[in-house]
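A short write-up of the structure that comes next.
The values are calculated or read from the model by the stated rules, or taken from the named source; none is laboratory data. It should be emphasised that the depicted structure is a prediction, and the values quoted were computed from it without experimental measurement. So basically every Cβ, Gly included, is an ideal-geometry build from the backbone, and we count neighbours across all protein chains shown. The area values use the complete protein model at the heavy-atom level, side chains included, leaving out ligands, DNA and RNA. Shrake-Rupley method; radii C 1.70, N 1.55, O 1.52, S 1.80 Å.
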Amino acid sequence: MTTKDNLIENAKTVLNSNFDEDKGFTIPCEGLYPFQWNWDSGFIAIGFAHYDTDKAKREIEALLSAQWENGFIPHIIFHNDSDTYFPGPDFHLSKLHPLASKSHRTTGMTQPPVLGFVLKELYEIVEDKTDILNFIKANIDKVYHNHEHFYTHRDPNQEGLAFIYHNWESGTDNSPIWDDIWDTMNPPNYKFERRDTTHVDASQRPTNREYDYYLHLIEIAKEHHYDDAKIAELSPFLVQDPLFNAMLIKSNAALIALYEIIGDAADKISQLKQWQTKAIARFNEKLFNEKLGAYVHYDLRNEKQIEHVSSSSFSPLFADIPDEARANTLVETMTTKFGSENRYLCASFDPDSDRFNPKKYWRGPVWINLNWLLYKGLKSYGFYDLSNRVKNDSITLIEKHGFYEYFDSRKEVTENAGYGGNNFSWSAALLIDFLKS
Ligand code: DGY
């Protein structure tokens with residue numbers, strides 16, 4: 001077997017052993033994340049699509065089976081019980097919302113909306129187009145309903161940009177971006193028992209004080225029964241996130257393309273196009289920072305940009321958001337700030353910043369899912385050298401260190417440079433896609 005075949009076989013072993021045959025979903029990794037996570041499942045389905053369509057479909061069906069009546073798709077689905085994770089279903093209490101899933105316990109927050117473009121990836125990967133198109137037909141309206149929910153309930157100024165109210169909705173859980181918001185808050189010191197640090201070294205995870213902020217935001221949302229309008233009015237964390245909105249925009253485009261293939265959906269296509277035009281225009285107006293040469297987060301509560309560069313800053317390339325001149329600027333910023341010879345691409349946070357930490361979760365390490373988005377985005381704009389570098393760095397990191405959750409970007413760290421959970425599902429799934437594309 002070639003090294004490439006070997007890596008693919010190892011990746012399949014990781015995915016298959018994290019898949020729960022009975023309930024039909026895949027845990028991100030054992031112990032640390034013992035339930036179904038929203039955007040993880042999207043990336044995982046892409047990996048399965050290369051060798052087991054049935055599992056790819058079941059993964060998405062399991063996630064959608066917990067969709068709320070208002071279209072909302074939660075960030076964690078608690079299909080099972082587990083005492084290895086905090087905060088669990090009894091903390092989140094999603095049933096406080098009148099339209100929450102009746103059949104599943106979930107959280108009351110979401111994650112970057114990847115499902116639209118994941119459906120399109122499945123359509124492109126799976127050979128039996130008739131079969132996969134039937135699956136897409138059965139599920140696409142649920143994803144459309146989810147987008148409708150974002151544009152109706154998460155966009156109070158009707159700008160075309162959805163807000164997030166919790167750092168866990170961003171996917172980039174403890175990014176230094178959020179430090180600016182923590183500075184505006186003073187939550188109580190909650191009493192709780194962390195479980196994550198029993199699985200992973202505390203130096204690679206958020207601090208206890210950070211957990212106070214995380215829990216406090218959930219308490220505020222719970223107090224108002226997860227009502228989006230109340231959250232928009234009261235949450236100290238209210239952010240328009242470039243990664244989150246780029247995923248929504250990419251998914252809009254994918255839904256348009258899929259509905260065009262399916263046919264008989266003129267109204268939905270026209271609505272999606274309206275959302276899309278408005279969203280892209282506003283994104284470019286509001287989320288670009290000329291001084292930094294990058295897209296940034298916007299703090300909607302305090303009405304200002306959060307001026308830091310992270311890997312999320314480059315994700316709009318994946319959604320065809322920048323024009324060519326701006327794409328060139330982004331590449332220049334990525335190359336000068338993140339791309340020195342002695343670094344793997346792409347660190348999750350600006351390596352020049354004093355908030356950069358090469359080992360800590362989203363405060364610096366390289367993440368395979370962000371790399372996958374950046375690879376695709378760079379390639380689509382014709383930046384072939386840089387896109388190949390991102391792809392090859394991703395493969396090298398996994399080959400050298402294993403299927404970790406995140407990796408040190410410093411090339412001088414040659415031993416134990418894989419951090420967080422091991423046998424991590426999306427690292428395995430996206431490695432398969434990298435090697436097959
Ligand atoms: C965690 O517990 O860190 C999760 O990533 C939240 O989604």
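For the reader, a short list of remarks on this structure follows.
- Of all residues in the stretch 257-286, those being charged (D, E, K, R) and in contact (Cβ under 8 Å) with a residue 40 or more places away in the chain number 4.
- Single match in Thr277, Thr335 (criterion: open to solvent by 50 Å² or more (accessible area, probe 1.4 Å), more than 30 Å from Glu233 (Cα to Cα) and in a helix (DSSP H, G or I)): Thr335
- With respect to the conditions (1) within 15 Å of the ligand (Cβ to nearest atom); (2) open to solvent by 10 Å² or more (accessible area, probe 1.4 Å), Pro87 falls short on a single one, namely (2).
- Which numbered condition Lys55 misses (of (1) more than 25 Å from Lys120 (Cβ to Cβ); (2) in contact (Cβ under 8 Å) with a residue 24 or more places away in the chain; (3) not in a loop (DSSP other than H, G, I, E, B)): (1)
- Residues that are out of contact with any strand residue (DSSP E or B) (no Cβ under 9 Å at 6 or more places or on another chain), in a helix (DSSP H, G or I) and within 14 Å of the ligand (Cβ to nearest atom) occur at least once in the stretch 34-41.
- Of everything in the stretch 257-272 that is closer than 14 Å to Glu148 by Cβ and part of a helix (DSSP H, G or I), the residue that is most open to solvent (accessible area, probe 1.4 Å) is Asp267.
- Search result, residues across the stretch 370-396 that are more than 21 Å from Pro322 (Cβ to Cβ) and surrounded by fewer than 24 Cβ atoms within 10 Å (Cβ to Cβ): Asn392, Asp393, Ile395, Thr396
- Number of the exception - Ser437 against (1) at pLDDT 95 or above; (2) open to solvent by 40 Å² or more (accessible area, probe 1.4 Å); (3) more than 22 Å from Phe19 (Cα to Cα): (1)
- Residue, nearest to the ligand (Cβ to nearest atom), within the stretch 173-192, restricted to residues that are part of a loop (DSSP other than H, G, I, E, B) and open to solvent by less than 10 Å² (accessible area, probe 1.4 Å): Asn174
- Hits in the stretch 1-54 - residues which are open to solvent by 40 Å² or more (accessible area, probe 1.4 Å) and under 20 Å from the mean Cα position of the chain (by Cα): Glu30
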